[in-house]
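Enquirer: Below: one structure in C-alpha cells.
The values are calculated or read from the model by the stated rules, or taken from the named source; none is laboratory data. The shown structure was predicted, so the numbers you read here are calculated from the model rather than taken from an experiment. Note that each Cβ is placed from the backbone with ideal geometry, even for glycine, and that neighbours are counted across all protein chains shown.
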Amino acid sequence: MEGEMTHERHRKFNTGDTYPEQKLDNDLCQAVVTRGGRTVWMRGQCPQDLDTAENIESHDPVEQTHKVMRNIRQLLEECGGSMDHLVKIVVYITDVR
C-alpha cells in the first residue's frame, strides 16, 4: 500500500536464549527503524556486548556508560544513522542495594 508505514527490526533475539533463568520466550530486537520519515527506536541499553549479550565486568558507572553509548552508536550506524541524528536519550540510574 502506498504511504503505508513499514518497519525493520535490527539485532533480533529471543529472551529465552538471552535470559534463560527468567523462563521467558519473547522475540525482541535491539532497534526498530520505521519508514515514512525515518525513525530508529531502541530498547533500553545495558553495558552488554551486543553480539554475546554478556555484561561487561566493571561495576564502574563511567565504564558502563561508555559501553552503553558505544552500543547506541553501533546500533544507529547499523540502522543507517549516526550520533548526529540522535534526538533524545532517557537515562535511568539505579542502585541495586
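Enquirer: Please go through (1) of a type outside the set (Phe, Trp, Tyr); (2) surrounded by 10 or more Cβ atoms within 10 Å (Cβ to Cβ); (3) on the phi < 0 side of the Ramachandran plot for Asp95 and return the number of the only condition it doesn't satisfy.
Expert: Unmet condition: (2).
So that you can scan it fast, the table gives a plain yes or no per residue for (1) of a type in the set (A, V, I, L, M); (2) at pLDDT 90 or above; (3) touching a Cys at 6+ places or on another chain (Cβ under 9 Å):
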position	(1), (2), (3)
Leu24	yes, no, no
Arg35	no, no, no
Val62	yes, yes, no
Thr65	no, yes, no
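Enquirer: I'd like the residue in the range 32-66 that is loosely packed, with under 13 Cβ neighbours inside 10 Å and of a type in the set (Ser, Thr, Tyr) and, out of all such residues, is farthest from Arg11 (Cα to Cα).
Expert: Ser58
Enquirer: In the range 36-70, what count of residues is obtained for those that are among the hydroxyl-bearing types (Ser, Thr, Tyr) and farther than 24 Å from Asp95 by Cβ? Explain how you work it out, then say what you get.
Expert: First pass over the range 36-70, keeping only residues among the hydroxyl-bearing types (Ser, Thr, Tyr): 39, 52, 58, 65.
Still in the list and also farther than 24 Å from Asp95 by Cβ: 39, 52.
Of the residues in the range 36-70, 2 are among the hydroxyl-bearing types (Ser, Thr, Tyr) and farther than 24 Å from Asp95 by Cβ.
Enquirer: Any chance you could count how many residues in the range 30-81 are under 21 Å from Thr18 (Cβ atoms), free of Cβ contacts under 8 Å to residues at least 40 places away in the same chain and touching a His at 6+ places or on another chain (Cβ under 6 Å)?
Expert: Looking only at that region, the number is 1.
Enquirer: With the condition kept exactly as written, say whether any residue in the range 77-90 is exposed (fewer than 15 other Cβ atoms within 10 Å of the Cβ), modelled with pLDDT of 90 or more, of a type in the set (D, E, K, R) and part of a helix (DSSP H, G or I).
Expert: Taking every residue of the range 77-90 in turn, at least one turns out to be exposed (fewer than 15 other Cβ atoms within 10 Å of the Cβ), modelled with pLDDT of 90 or more, of a type in the set (D, E, K, R) and part of a helix (DSSP H, G or I).
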